[in-house]
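The values are calculated or read from the model by the stated rules, or taken from the named source; none is laboratory data. Keep in mind that what you see is a predicted model, and the values were worked out from it rather than measured. Quick reminder, even Gly has a Cβ in these numbers, built from the backbone with ideal geometry, and neighbours come from all protein chains shown. These accessible areas exclude ligands, DNA and RNA; they are computed on the full protein's heavy atoms, side chains included. Shrake-Rupley method; radii C 1.70, N 1.55, O 1.52, S 1.80 Å.
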Amino acid sequence: GQALARTALRAGRQVVIANSRGPESLAPVVADLGTGVSAGTVGEAAAAEIVAIAVPWSSVPAAVSGLQWDGQPVIDATNAWNADLGGRTSSEIIADLVPGARLVKAANTLAADVLGADPHDAGGRRVIFLSGDDAPAKAAVVELFDAAGFFPIDLGALITGGRMQQLGGPLPSHNLVRLPPVR
């Protein structure tokens, strides 16, 4: 979650972070992240223009329970560690938990320290993968990551791309950098 907050700040966005323990518990995190970040309730964070779910897999149902989604893009940055998904992708399960949201799988294939760091490396831009079924939602997420300095790669539909991104797929933990063309 903090790595995604750093990414959004780098993109020039205002950030509201939340957890199950309440805004007061986040004071040290807000102080560390700095200007542009505030702590809010889970409902306040869920009302943002773009929302990110960045909690342990087992905590996802409780984290989104009772929230109302009004068509905003929701970034699924989760990883289903040691979970029986019943042949579904983790993002299909998340999509069922956030009806009314436009789900985009992203930001789960990089380690948090890499995701939160400056994505400009070796003269290039760190690659970040995303997938989803809603073109405008994906475009909003692409714009966020592009503005933050990443090189977004759209893997297509949520199920197909999500399967490549989730644990057990071919893309988790690959740290790729798109270098500029050689002239």
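Observations
- Check on Gln68, of a type in the set (S, T, N, Q) and under 23 Å from Val142 (Cβ atoms): no
- Scanning the range 92-112 for residues that are over 14 Å from Gly1 (Cα atoms) and among the aliphatic types (A, V, I, L, M) yields Ile93, Ile94, Ala95, Leu97, Val98, Ala101, Leu103, Val104.
- Scanning the range 56-71 for residues being more than 15 Å from Lys105 (Cβ to Cβ) and either modelled with pLDDT under 95 or not aliphatic (A, V, I, L, M) (or both) gives a total of 10.
- Evaluated against (1) surrounded by fewer than 19 Cβ atoms within 10 Å (Cβ to Cβ); (2) not in a loop (DSSP other than H, G, I, E, B), Ser91 falls short on exactly one condition, (1).
- Looking only at residues of the range 111-154 that are in a loop (DSSP other than H, G, I, E, B) and open to solvent by 70 Å² or more (accessible area, probe 1.4 Å), we find that the one that is farthest from Leu176 (Cα to Cα) is Asp133.
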